[in-house]
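S.K.: Next up is a structure, given as structure tokens.
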């Protein structure tokens, strides 16, 4: 993969660089599916199973089998393989790496202001900005089909999403470097989307019980997480407690001095395994309960395994020895405000982890329950957040805007790609169902 050299940060030069990249790859070329040899999606998925916890694989594939959209959510490695053969302009940004609709959301900043942003960074790595845009657009197409919207309705939602990305990137191209860095999709913008949605599907709420773990006192007065399998459960061995306890010092060293002093006011009380998401199921993920001055003075951290990004085989390895650090650095680059306890470590088990706080305030959408107006508004909001992330993390908004231009050539090409890739995803989904039925792939319903 050859990336364009950036000889100057002057906005005019960057625009010229982006415009010249059209000679390398015409915008209309993005419409085509990658010209690559046939591949086996199930084989690509199973290739990653060896590094996952075997007992959790049936949950992973059971969740992927729910719908074509949940399959898509768990198949980031498959799409990364496909996108590697697709044309790119050569403009490199810090990618989200897995920019589908369900990986965006609202959350409270350290100042307790609510912002809307990318909120999943397991696959973040430097790469082609088009990869993120194609993954987002295809997720709109696939989710729309899964919900049951009409073809024309989905086409409008995809078009609106892509138009917002292009228009916002043009705005960022005209802003100063610091203004782009501090720009946020704030509560006012979020409120506009909420007004277009019903309170039941897109709202500022406490995390529901299956996402935010419950804590209870044991007979001896010690605090423990309440087991709610398969979401939260205690390991039969002391491995999880050993991992969390033995790695706390290493994690603390990755925090700035003031955050480290804050963290050191807490003591570890309990550790449990937490099964999260779709694509992440099978990777090691713990939640750790810390107590400060009293039982009510609690901190819950998530300790999540970080493996190599699905983009790395195609975009090049990242300059970090620890993949937890890769996730943290990528998140800090492209997210407006990151958790104060965000850090990384290598566990006694030899695996890399990143650590963050489990938040008790969020805004989320149950994608498959959205009405058409809600769905379109949410997709546009995600596009706006993705444009901001690319502009902030790369400083190359003017180059991307130069490539995009003022017309809809790129939008229309990506929309056609999204339609074509939805068909590919549907075939891959059916292949998974067949593999589950034959017993080749283990799956647990629910």
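The values are calculated or read from the model by the stated rules, or taken from the named source; none is laboratory data. The shown structure was predicted, so the numbers you read here are calculated from the model rather than taken from an experiment. Every residue, glycine among them, receives a Cβ derived from its backbone with ideal geometry; neighbour counts consider all protein chains shown.
S.K.: It is to be established whether one or more residues within segment 427-440 are within 19 Å of residue 96 (Cβ to Cβ) and either outside the structural domain of residue 17 (by TED's automatic domain parsing) or touching a helix residue (DSSP H, G or I) at 6+ places or on another chain (Cβ under 6 Å) (or both).
M.R.: There is no residue in segment 427-440 that is within 19 Å of residue 96 (Cβ to Cβ) and either outside the structural domain of residue 17 (by TED's automatic domain parsing) or touching a helix residue (DSSP H, G or I) at 6+ places or on another chain (Cβ under 6 Å) (or both).
S.K.: Next question. Please give the helices (runs of 4 or more DSSP H) falling wholly within segment 360-446 in which 3 or more residues are modelled with pLDDT of 95 or more and closer than 27 Å to residue 302 by Cα.
M.R.: 372-394
S.K.: Please indicate, with yes or no, whether at least one residue in segment 384-401 is farther than 30 Å from residue 10 by Cβ and in contact with a strand residue (DSSP E or B) (Cβ under 9 Å, 6 or more places away or on another chain). Lay out the reasoning, then the answer.
M.R.: Let us first name the residues in segment 384-401 that are farther than 30 Å from residue 10 by Cβ, namely none.
No.
S.K.: Checking the conditions here, which among 330, 245 is buried (at least 17 other Cβ atoms within 10 Å of the Cβ) and in contact with a strand residue (DSSP E or B) (Cβ under 9 Å, 6 or more places away or on another chain)?
M.R.: Numbers: 245 fails: buried (at least 17 other Cβ atoms within 10 Å of the Cβ).
Of 330, 245, the one residue that is buried (at least 17 other Cβ atoms within 10 Å of the Cβ) and in contact with a strand residue (DSSP E or B) (Cβ under 9 Å, 6 or more places away or on another chain) is 330.
S.K.: For segment 64-86, indicate whether the set of residues that are crowded, with 24+ Cβ neighbours inside 10 Å, assigned to a strand (DSSP E or B) and either at pLDDT 95 or above or in contact with a helix residue (DSSP H, G or I) (Cβ under 7 Å, 6 or more places away or on another chain) (or both) is non-empty.
M.R.: Scanning segment 64-86 turns up no residue that is crowded, with 24+ Cβ neighbours inside 10 Å, assigned to a strand (DSSP E or B) and either at pLDDT 95 or above or in contact with a helix residue (DSSP H, G or I) (Cβ under 7 Å, 6 or more places away or on another chain) (or both).
S.K.: Residue check, residue 58 against (1) in a helix (DSSP H, G or I); (2) touching a strand residue (DSSP E or B) at 6+ places or on another chain (Cβ under 7 Å); (3) surrounded by fewer than 24 Cβ atoms within 10 Å (Cβ to Cβ), all met but one. Which one?
M.R.: Just one mismatch for residue 58, condition (2).
S.K.: Among the candidates 16, 43, which residue alone is over 16 Å from residue 83 (Cα atoms) and either part of a loop (DSSP other than H, G, I, E, B) or under 26 Å from the mean Cα position of the chain (by Cα) (or both)?
M.R.: 43
S.K.: Are any of the residues in segment 339-360 under 30 Å from residue 170 (Cα atoms) and touching a strand residue (DSSP E or B) at 6+ places or on another chain (Cβ under 7 Å)? Can you show your working first?
M.R.: Our first condition is that a residue be under 30 Å from residue 170 (Cα atoms); within segment 339-360, this holds for 339.
Retained after the next criterion (residues that are touching a strand residue (DSSP E or B) at 6+ places or on another chain (Cβ under 7 Å)): 339.
Yes: segment 339-360 contains one or more residues that are under 30 Å from residue 170 (Cα atoms) and touching a strand residue (DSSP E or B) at 6+ places or on another chain (Cβ under 7 Å).
S.K.: Same structure, new question: Of the residues 264, 305, which single one is farther than 27 Å from residue 135 by Cα and free of Cβ contacts under 8 Å to residues at least 60 places away in the same chain?
M.R.: 264
S.K.: Only one of these conditions is not met by residue 294: (1) at pLDDT below 95; (2) under 30 Å from residue 150 (Cβ atoms). Which number is it?
M.R.: Failed condition: (2).
S.K.: With segment 95-197 as the region, which strands (runs of 3 or more DSSP E) entirely inside it contain at least 2 residues that are modelled with pLDDT under 95 and buried (at least 23 other Cβ atoms within 10 Å of the Cβ)? Spell out how you get there, then give the answer.
M.R.: Details: elements: 104-108, 114-118, 125-128.
Result: 104-108, 114-118.
S.K.: Among the residues of segment 95-113, how many are closer than 30 Å to residue 82 by Cβ and more than 13 Å from the chain's Cα centre (by Cα)?
M.R.: Residues flagged as closer than 30 Å to residue 82 by Cβ and more than 13 Å from the chain's Cα centre (by Cα) within segment 95-113 amount to 0.
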